[in-house]
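The values are calculated or read from the model by the stated rules, or taken from the named source; none is laboratory data. Since we're looking at a predicted model, the values are computed, not measured. Positions of Cβ are generated from backbone atoms using ideal geometry, with glycine treated the same way; all protein chains shown enter the neighbour counts. For the accessible areas, the whole protein counts, side chains as well, though only heavy atoms, and no ligand, DNA or RNA atoms are used. Shrake-Rupley method; radii C 1.70, N 1.55, O 1.52, S 1.80 Å.
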Amino acid sequence: MNKKVALITLGCKLNYAETSTYERGLVKAGCEAVSWTETGIDLFLVNTCSVTEHSDKKSRNIIRKLHRTAPQAAIVVTGCSAQLRREAIEAIDGVAKVFGAAQKNEVVPYCLALLRLGAAKSGAAGAKQGKAEQQDAEAGGQLDNDFFGAYSSGERTRSFLKVQDGCDYKCHYCTVPYARGESRNAPIHYIISQAEAIAAEGIKEIVITGVNTGDFGKSTGESFLDLLKALDKVSGIERYRISSIEPNLLTEEIVDWIARGSKVLPHFHIPLQSGCDTILSAMGRRYTTADFAAKIAYIRKRLEKEGRQKVFFGIDVIVGFPGETDEMFRTTYDFLANTIKPAFIHIFPYSRRPGTPAAERRDQIQDSVKTARVEALEALCEKLHNEFILANKGKESKVLFELKSKSGAAEGWSENYIRVSVPYEEGIINEIRKVTL
Ligand code: SF4
């Protein structure tokens, strides 16, 4: 087809896997995937994010910049901001089509049709035609919950595999359920066929990805543990990381199975959001700090046997949720510093999202206060991360070497997510080797 397409991704690992899947479809049909800075581009495909107000603005700004850069090219937009801020995106010059969350299976066929019609090169003309199509396509515009399968390729050593989409939890600050729809997934046999396709590319590590990953099985009657057991048998894939999982869905049964020896690595990204029970219930979260602490302690007890490497916990925390007093923030700080002691804290200043219950609250927190709380947790995170590195000194771990650094060393991640660097050797990239941390 000899058409140039450039794909741009904003946001999370899920978006990254989806864009990579669109790219495979377009390249398979003969398109050339190029950087957005290249000249003579026929079509831009932008996968947007809407997790904060800032992400929405950033998505629109990038679309405007692309149109200024290549006014001849048509712009096709998908992703969470496309679902939640459709009108605002449609109004931007050069936008040929906006796809909602339920239409991801239509993205590549539409782009190919536009490119074949050569309408893509006629910018505005193409846009008009696309808009016409959209109007009749969008009647009723309801989200139906078909699942769009996706995985990332293009990285030599690791792939993000989407196993689940959407969420039924409706936490009081979050718009993801509105952007991505209800919790749903593909059947296990479908996910296994994708894992085998990834193994066929020579990739050895898979990051299991979703919106509410642990809720896998909701639309097929299967379970997340069933999925892990099936993935464990895929030959060629040596190790799995779970990208993020709700504490109540990382059950003791799953932890026990992992502890009995599986390819799932001792690296868990678990959203806490607050270390204060009053705020947790105001957020609509489904556990207390006592539940959370008990879960972390159980995982450590089962996986950190004598001499073994420490488990890497990456913990999400929102600061400045409406009503969070200095004292409540102090409670969160102390809970992290003295009870959970994670290896890393992912810190998010609360972002007021239209359409969420928390946005309606009158006791919003000032930005300057949020900033101060972010800085306090950043300092704590640095301290805890250094302590984690020290606590693993002298322990053994297997590292998947993924690149040769500028300094000429071979670098990769240990099983428990410590960055390791060793002298470069021919053939070391994409090899898994035991090292002493
Ligand atoms: S679990 Fe809560 S925070 Fe996470 S995606 Fe669902 S609604 Fe949002």
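Things worth noting here:
To keep it simple, each residue is scored yes or no on (1) at pLDDT below 95; (2) closer than 22 Å to Thr332 by Cα; (3) touching a helix residue (DSSP H, G or I) at 6+ places or on another chain (Cβ under 6 Å); (4) not charged (D, E, K, R).
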residue	(1), (2), (3), (4)
Arg361	no, yes, no, no
Ile389	no, no, no, yes
Gly394	yes, no, no, yes
Lys398	no, no, no, no
Arg419	no, no, no, no
Glu431	no, no, no, no
Lys434	no, no, no, no
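- Qualifying residue in region 198-212 (condition: more than 24 Å from Ile258 (Cβ to Cβ), assigned to a loop (DSSP other than H, G, I, E, B) and within 13 Å of the ligand (Cβ to nearest atom)): no
- Cβ separations smaller than 6 Å between residues 6+ apart or across chains give the following pairs from region 203-230 residues that are within 18 Å of Phe147 (Cβ to Cβ) to residues that are among the acidic types (Asp, Glu) and part of a loop (DSSP other than H, G, I, E, B): Gly214/Glu246.
- All conditions in (1) open to solvent by 60 Å² or more (accessible area, probe 1.4 Å); (2) modelled with pLDDT of 95 or more hold for Val374, with the sole exception of (1).
- Which listed residue is out of contact with any strand residue (DSSP E or B) (no Cβ under 8 Å at 6 or more places or on another chain), hydrophobic (A, V, I, L, M, F, W, C), under 29 Å from Lys170 (Cα atoms) and within 16 Å of the ligand (Cβ to nearest atom), from Phe292, Phe224, Phe216: Phe224
- Against the criterion of being over 28 Å from Gln364 (Cβ atoms), under 21 Å from the mean Cα position of the chain (by Cα), in contact (Cβ under 8 Å) with a residue 40 or more places away in the chain and within 16 Å of the ligand (Cβ to nearest atom), Leu265 does not qualify.
- The lone criterion from (1) open to solvent by 30 Å² or more (accessible area, probe 1.4 Å); (2) of a type outside the set (Asp, Glu); (3) at pLDDT 95 or above; (4) more than 16 Å from the ligand (Cβ to nearest atom) left unmet by His172 is number (4).
- Residues that are under 22 Å from Glu252 (Cα atoms) and surrounded by 21 or more Cβ atoms within 10 Å (Cβ to Cβ) are absent from region 321-333.
- For Thr288, the stated conditions hold: it is without any contact (Cβ under 8 Å) to a residue 12 or more places away in the chain and of a type in the set (Ser, Thr, Tyr).
- Residue check, Ser235 buried (at least 17 other Cβ atoms within 10 Å of the Cβ) and of a type in the set (Ser, Thr, Tyr): no
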